[in-house]
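The values are calculated or read from the model by the stated rules, or taken from the named source; none is laboratory data. No experiment lies behind these values; they were computed from the predicted model shown. In this analysis, Cβ positions are derived from the backbone assuming ideal geometry, glycine residues included, and neighbour counts consider all displayed protein chains.
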Ligand SMILES: Nc1ncnc2c1ncn2[C@@H]1O[C@H](COP(=O)(O)OP(=O)(O)OP(=O)(O)O)[C@@H](O)[C@H]1O
Ligand SMILES: [Mg+2]
């Protein structure tokens, strides 16, 4: 009897569940808005596309927006690559005529079955089985566009559940923004990001530095890599001199070591422990001078290397390259052409003005670059603040090459040292180092190619990706692309994407603070609305910073920084 009861109970339960499920599906159906139906598809080659006839006004859709096409067995996760009206002789004939007013607007808007409608070309990124997402295996999850949906399959917005399946979260994922036009946060894997070179590109004033700061903050939060940042505009320290937004040290004072190239001005605030940057003349190499000069010709470069050899062999009569160039007699060596020597001298005149280049003489203390290495081993990330030298490109190239070259050589010599922290060197204006004609003389070429094995990575922030040496560009594993105008730059960033041409429209259509991201740190190529950097509370929450930052700031403002305000050297 009791058994029967329980049987009945379970029957009832079953029934109830059926009803629930049915309701759910009905509700689900009611929620999901149909955006259109498939009217053509092609896996290619050459063109891989699903074409959807748009149900309502095309201007409710945007390039880059995700659309899910569903058949009875599969879900096609796709992005809109092109929106257009097919050629329509009737529309052409009636446009600009009084007859247009005779066609009721509702007929024009309701597209289905009418004369006038728009089409959307979609690029399918994933083909998923349509069933319980919990038992989708890896192989199924990785399936790409290898079949086509039935004609008239429905297209609709992505659901949160589908989104979460595609953009899986893990220990090192963080969202620096939301899927454009939706409230869905897009996770990016920061541990993967710092493993290989990455690039952040976009025209001037579009939000590159702010996004770079956000990325750097998450890198700091997770300790997945330490960083060296060459801060030309003074944006990354405590506050940005450019727009007064907060810098990295504002949030993570203890994780940042700042070096200042120029002396401070009244009103500048820096964090405790900031140091005045200096290097010994004796540590300057030919490569630093070539990077800085940018356009030395071949014979001049040869003379420079010859002089460097003489200095290294002790045959020049000088213990450093700068003094040797200035003082050496061209007659000392056949390879030294007087004309090239004069050209070289002209190029290094400017080095006399820099107070931070010191003569080692009998000094025994380590210069700032050696000191940086000590700080890196203590777990700090480095911000090199260029201060009033911010607009001096030559100096920037000189310093960045010298610091990177010496860190590289330390990493190179200690390949097996487990104490070496993973390091990401972030370069603004990267193309200036990475132009095909100078790159082979700089250290960046080698790093981009081979340093992954030493845990040394480069991050490029730049306006002109098209000017970066092709081979180095091809090493970039993750790309962040903001709005760009220049055709050549756009061609460069889409080049390696399947359907390259179609992505161009997506990139031209980006607005300020929007970024197109692709690479192995993100599930699929995505357009993201970057979070509001001025919303400090939100940022603190994401960074899991619990202390009130105002206290730390008071401490900084009250601390004695007088050693950093000596007499100005100019
Ligand atoms: N995510 C954001 N949150 C809040 N403000 C932002 C954001 N992104 C950009 N801005 C605003 O846009 C301005 C320009 O951004 P940013 O300095 O990052 O541009 P950029 O691309 O680095 O420019 P440049 O090429 O001149 O270096 C910032 O000063 C800031 O006011
Ligand atoms: Mg910038």
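Among the residues making up segment 234-263, those that are within 12 Å of ligand 2 (Cβ to nearest atom) and touching a strand residue (DSSP E or B) at 6+ places or on another chain (Cβ under 8 Å) are 234, 236, 240, 245.
If you filter segment 218-237 down to residues that are in a helix (DSSP H, G or I) and surrounded by fewer than 23 Cβ atoms within 10 Å (Cβ to Cβ), you find that the one that is farthest from ligand 1 (Cβ to nearest atom) is 222. Summed over segment 34-60, the residues that are surrounded by 18 or more Cβ atoms within 10 Å (Cβ to Cβ), in contact with a helix residue (DSSP H, G or I) (Cβ under 9 Å, 6 or more places away or on another chain) and either outside any strand (DSSP E or B) or free of Cβ contacts under 8 Å to residues at least 60 places away in the same chain (or both) give a count of 0. If you go through segment 182-217 and pick out every residue that is more than 13 Å from ligand 2 (Cβ to nearest atom), closer than 19 Å to residue 494 by Cβ and surrounded by fewer than 20 Cβ atoms within 10 Å (Cβ to Cβ), you end up with 0.
Here is a yes/no grid of residues against (1) touching a strand residue (DSSP E or B) at 6+ places or on another chain (Cβ under 9 Å); (2) assigned to a loop (DSSP other than H, G, I, E, B); (3) surrounded by 17 or more Cβ atoms within 10 Å (Cβ to Cβ):
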| residue | (1), (2), (3) |
| --- | --- |
| 299 | no, no, no |
| 302 | no, no, no |
| 305 | no, no, no |
| 315 | no, yes, no |
| 324 | no, no, yes |
| 335 | no, yes, no |
| 360 | yes, yes, no |
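For the structure I just gave you, tell me whether residue 365 is in a loop (DSSP other than H, G, I, E, B) and either assigned by TED's automatic domain parsing to the domain that holds residue 291 or free of Cβ contacts under 8 Å to residues at least 12 places away in the same chain (or both). So residue 365 fits the description; yes.
Take the conditions within 21 Å of residue 516 (Cα to Cα) and in a loop (DSSP other than H, G, I, E, B) and apply them to residue 174. Does it pass? For residue 174, the condition - within 21 Å of residue 516 (Cα to Cα) and in a loop (DSSP other than H, G, I, E, B) - is not met. Scanning segment 241-262 turns up one or more residues that are touching a residue at least 24 places away in the same chain (Cβ under 8 Å), part of a loop (DSSP other than H, G, I, E, B) and more than 20 Å from residue 461 (Cβ to Cβ). Contact map, segment 330-346: first residue in the same structural domain as residue 303 (by TED's automatic domain parsing) and over 18 Å from residue 311 (Cβ atoms), second residue surrounded by 15 or more Cβ atoms within 10 Å (Cβ to Cβ) and at pLDDT 90 or above, Cβ cut-off under 8 Å, separation 6 or more or different chains; pairs are 343/300. Among the residues of segment 324-344, the ones that are within 22 Å of residue 279 (Cα to Cα) and touching a helix residue (DSSP H, G or I) at 6+ places or on another chain (Cβ under 7 Å) come to 4 in all.
Scanning segment 189-211 for residues that are near ligand 1 (Cβ under 6 Å from one of its atoms) and in a helix (DSSP H, G or I), we see that the one that is farthest from residue 238 (Cα to Cα) is 208. Residue pairs whose Cβ atoms lie under 6 Å apart, separated by 6 or more positions or on different chains, with the first residue in segment 117-136 and in the same structural domain as residue 63 (by TED's automatic domain parsing) and over 14 Å from residue 65 (Cα atoms) and the second surrounded by 21 or more Cβ atoms within 10 Å (Cβ to Cβ) and at pLDDT 90 or above, are 118/54; 126/77; 127/76; 128/75; 130/75. Checked against (1) closer than 23 Å to residue 393 by Cα; (2) surrounded by 18 or more Cβ atoms within 10 Å (Cβ to Cβ), residue 256 meets all criteria but (1).
Scanning segment 426-455 for residues that are surrounded by fewer than 24 Cβ atoms within 10 Å (Cβ to Cβ), more than 16 Å from ligand 2 (Cβ to nearest atom) and closer than 24 Å to residue 208 by Cα yields 435, 436, 439, 445.
With respect to being within 16 Å of ligand 2 (Cβ to nearest atom) and closer than 16 Å to residue 180 by Cα, residue 480 fits the description.
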